[in-house]
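The values are calculated or read from the model by the stated rules, or taken from the named source; none is laboratory data. Bear in mind that the values here come from a model prediction, so they are computed numbers and not experimental data. Counting neighbours? That spans all protein chains shown, and the Cβs are built from the backbone with ideal geometry, glycine included.
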Amino acid sequence: MRLFVSVGTDHHPFDRLVGWADTWAAQHPGDQVVIQYGTSSVPRHGRAVELLDPDTMRAELSSADVVVISCGPGGVMDARAAGRMPVAVARRHDLGEHVDDHQLAFAQLLADQGLARTARTEAEFRTLVESVADGTSELLIDPESGRVPAGIARIGELIDQLVWSENHPE
């Protein structure tokens, strides 16, 4: 199984999600686990990447059996556009993962509308990943259901370019 985990580009560390993925990778050495960790602690297991350029990110999303992402709208749209039902994990303010708890409300909205699966705990994360690993669930969707209007897509591209250039000055 191929698991792709991304904390996104927010400057707050998201060690909780990285830790869940790192533990999964350690306990499942036969799985291909890629962890985009951003400003979080560097995972010890799987393939760790700090930041991905937009093309590499799209390739990782498209080749994964399971996509687990920080609950940001860009990541959700990118995963759905790649034909993957994202497992979204909301960053929490009380853990220093974000400035407030807006991602908790967004995660509930996504779940209510069937646009993402959500995991609030490591147990929920494991259950969702295991359901794909054991064949009882599939998180593939019609990529057309993840398409966004051209203007919104262009804004996302510009943000990706900005974040990439700021983190990789020439």
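A compact table of results
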quantity	calculated
Residue tally, condition of a type outside the set (A, V, I, L, M) and more than 18 Å from residue 64 (Cα to Cα), over the stretch 87-140	20
Hits in the stretch 111-125 (condition: of a type outside the set (A, V, I, L, M, F, W, C), in a loop (DSSP other than H, G, I, E, B) and modelled with pLDDT under 95)	113, 114
Boolean, residue 86 is of a type outside the set (D, E, K, R), closer than 17 Å to residue 8 by Cβ, surrounded by fewer than 20 Cβ atoms within 10 Å (Cβ to Cβ) and within 13 Å of the chain's Cα centre (by Cα)	no
Subset of the stretch 9-40 that is closer than 15 Å to residue 59 by Cα and within 13 Å of the chain's Cα centre (by Cα) - its residue that is surrounded by the most Cβ atoms within 10 Å (Cβ to Cβ)	35
Single condition residue 56 does not satisfy, out of (1) of a type in the set (Ser, Thr, Tyr); (2) within 22 Å of residue 95 (Cα to Cα); (3) at pLDDT 95 or above	(2)
The lone exception for residue 78 - which of (1) closer than 26 Å to residue 102 by Cα; (2) modelled with pLDDT of 95 or more; (3) acidic (Asp, Glu) it fails	(2)
Number of the exception - residue 108 against (1) part of a loop (DSSP other than H, G, I, E, B); (2) among the polar types (S, T, N, Q); (3) without any contact (Cβ under 8 Å) to a residue 60 or more places away in the chain	(1)
Per-region count, the stretch 126-144, residues modelled with pLDDT of 90 or more and touching a Lys or Arg at 6+ places or on another chain (Cβ under 9 Å)	1
Scan of the stretch 51-70 for residues that are without any contact (Cβ under 8 Å) to a residue 12 or more places away in the chain and of a type in the set (Asp, Glu), ordered by number	55
Selection within the stretch 92-124 - charged (D, E, K, R) and touching a strand residue (DSSP E or B) at 6+ places or on another chain (Cβ under 6 Å)	117
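Let's see how each residue does on (1) over 23 Å from residue 23 (Cβ atoms); (2) surrounded by 14 or more Cβ atoms within 10 Å (Cβ to Cβ):
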site	(1), (2)
46	no, yes
54	yes, yes
62	yes, yes
69	no, yes
79	no, yes
92	no, yes
101	yes, yes
105	yes, no
